[in-house]
Amino acid sequence: MKRLAIAGLALWLSAAAWAQTGKITGVVSDAITGEALIQASVLVNGTGVATDFDGAYTLDLPYGAYDITVQYIGYESQTRSVTVDRALVQANFKLSTIVLQEAEVIADVAIERETPVAFSNIKPVQIQEELGSQPIPMILNSTPGVYATQAGSDDNGPSISIRGFKQRNVSVLVDGIPVNDMESGAVFWNNWFGLDLVTQTMQVQRGLGASKLALPAIGGTVNIVTSGIESSRKTSVKQEVGSFGFTRTSLGHTSGRLDGGWGYTLAGSFQNRQGYFQQDYNRAFFYYVKIQKALGNHTLSISATGSPSENASRGYQQRIATHNKDFARSLFTGSEADYERLRGYSVAYDAIFNDGTLLQQEELAAYDSLNALYGYSSADDFEEEVSATDFIDTTGLVSYGDNYNVHWGMLNNEVLYERQNKYHKPLFSLRHSWRVSDKLYISNMAYASYGYGGGTRLENSLGGGDYTPDGQVDFQKFYNSNTIGGLFGPPIDPTYSDSLLKSGRILRKLFNNHYWYGVLSTFRHETSESLTLSGGVDFRTYQGEHYAEVFDLLGGDYFVDTRNANASTNMRFVGDKIGYHNDAFVRWGGAFALLEYKGYLWNAFLNVSAVTQGYKSVDYFAPLQEDGQFTTSGWKWIPGYTIKTGGNYN
């Protein structure tokens, strides 16, 4: 009986112990910034909870040992063993952003506490929450040392500077492909509208950094890595609406890794905006396709992306008084008497030199008398006083408003743009990645980019008599001049034709086309636990076409252009080249090697790169050479090298 009682007591104590439950609580945050990660998945045996707005979670579990897994899109998952042996157990998780194998080898992505350079990671969740409807480089304003601005209003893309260096000295890579212009180094961000839909990782390295490629990156490097087979499955649908008629519709889908090792990413977006200034508009379409196939340790990837766009342009600043003459007048800091005195000098000065009937000696004598009357030694004294007092003569001026745009007008009751841009620059790539072993990774990539388009301009500069009373370009005046003519009838020039109308004012279109091909081969070898050797080669070839062509004859039949020394006739029709026509050729070859040391306390790197660049131009409008060939500059080769080293102590 006694034994039976003891056995019953032991059984009861065991059951009570098994019935006991405890709580696991904690916070899931970013390992670098400490920012809470909202809606992160906290899983036990495949089921679990999501974190709240503070990144906190709570799990009620019986006493025992558990493997807790935390997952969040764009971050590496983390699993930790936690034992519940009391009522409350604390378990915090700090997740690191995903750095893809491909990104480490090709896109030069730095790694926290391993790469001794100053860098910042832009997380996908940060892009979703903070970018809004802005172009993707505007998100960089949240990183130290970077300034991004949508300067101007022609929507040719924002500009960025890193540590004071303009973006011509900042290397921009999209999936490891350099996208800086091969001629000028400029970056045209409007060509990459929509990349926010597929960006997996975006990193800014400030300064020379540890970039492997021989790039003009004295300011820094911006690396954009898009989603692919290593990303989580995701589908997104987004509709945006904003002021000034702004709408944007976006669709995107990333498959992740499918059965058979396949994976794909698809995205598309259409943006339409009316804009703030008169007759402003912007239309852009974005497409992105990436297909990948994993074959054992090999991964094949093919991608295509582009963003055809068109927009109106307000190309240069106007005087304050053009927008608001009352505000311009209010800026004057002197007295009313001072204002009238300065205005009197300005009116008299214009009368002297715009009279047209005075001889040069008479103009100079009147000018000297004017300066003596006002106590000036020259007009420079007047300009200094104008600058010191913010004097602006607003007499007779018309205020056109803050949204005034000079670059449009009406022709036959339809809007005609004096400045309008259209461009498309698709980018194609084929990549092969091979993980030879746990220590060696090799990547080979070929890419091609084609750019086509440009912007319209009047062939002749606008003058004071070229505007309507409303301040718009008087296209109707140009049209009438090209068709009806003047006192002597229609503009027919017997030198060229007895019946065709000769246009005096036309619209031309300035083209900047290019054909760009490149190959990039890289490797990364972990030679030991503490040493890693990387290297590779980078070859590119580029041809840029630059010319202007007749876009709109504004009622006439032809235009006369004498600047092509090789033309059989000076008559030009719609689509004919005028003004200039030249090609630029660029050849680029580079090699690099990077040795990295990673110790318990010290990390360091040594990077050596060399490059040679060749430039040649061909002018098709200059007189032919003696051998009958077009005038060429010949090849100019510029070699260069870079040696970089650095280290940090953790």
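The values are calculated or read from the model by the stated rules, or taken from the named source; none is laboratory data. Just so it is clear, the structure is predicted and the values come from calculations on it, not from any experiment. With ideal geometry, Cβ positions are generated from the backbone for all residues, glycine too; neighbour counts draw on all protein chains shown.
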Strands (runs of 3 or more DSSP E) fully within the stretch 452-566 counting 2 or more residues that are of a type in the set (Lys, Arg)
507-526
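Kindly evaluate Phe511 against the criterion of being in contact with a strand residue (DSSP E or B) (Cβ under 9 Å, 6 or more places away or on another chain) and either more than 30 Å from Ala610 (Cα to Cα) or touching a residue at least 12 places away in the same chain (Cβ under 8 Å) (or both). If you could, list the steps in order and put the result at the bottom.
Details: in contact with a strand residue (DSSP E or B) (Cβ under 9 Å, 6 or more places away or on another chain): yes; either more than 30 Å from Ala610 (Cα to Cα) or touching a residue at least 12 places away in the same chain (Cβ under 8 Å) (or both): yes.
Yes, satisfied.
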Which ones in the stretch 543-590 are charged (D, E, K, R) and farther than 15 Å from Glu459 by Cα?
Glu545, Asp557, Asp583, Arg587
Mind checking whether some residue in the stretch 373-384 is among the polar types (S, T, N, Q) and either in the same structural domain as Ser346 (by TED's automatic domain parsing) or part of a strand (DSSP E or B) (or both)?
yes
For the subset of the stretch 171-208 comprising residues that are in contact (Cβ under 8 Å) with a residue 40 or more places away in the chain and of a type in the set (Gly, Ala, Ser), which member is surrounded by the fewest Cβ atoms within 10 Å (Cβ to Cβ)?
Gly207
Every residue in the stretch 306-322 that is surrounded by 23 or more Cβ atoms within 10 Å (Cβ to Cβ) and among the hydrophobic types (A, V, I, L, M, F, W, C), please.
Ala312
Quick one: is Leu131 over 27 Å from Tyr316 (Cα atoms) and either at pLDDT 80 or above or surrounded by fewer than 21 Cβ atoms within 10 Å (Cβ to Cβ) (or both)?
yes
Anything in the stretch 592-619 that is within 32 Å of the chain's Cα centre (by Cα) and hydroxyl-bearing (Ser, Thr, Tyr)? List them, or say none.
Ser609, Thr612, Tyr615, Ser617
Of (1) outside any strand (DSSP E or B); (2) over 30 Å from Ala593 (Cβ atoms), Thr249 fails just (1)
Flag if Gly599 is small (Gly, Ala, Ser), touching a Ser or Thr at 6+ places or on another chain (Cβ under 9 Å) and more than 28 Å from Val179 (Cα to Cα):
yes
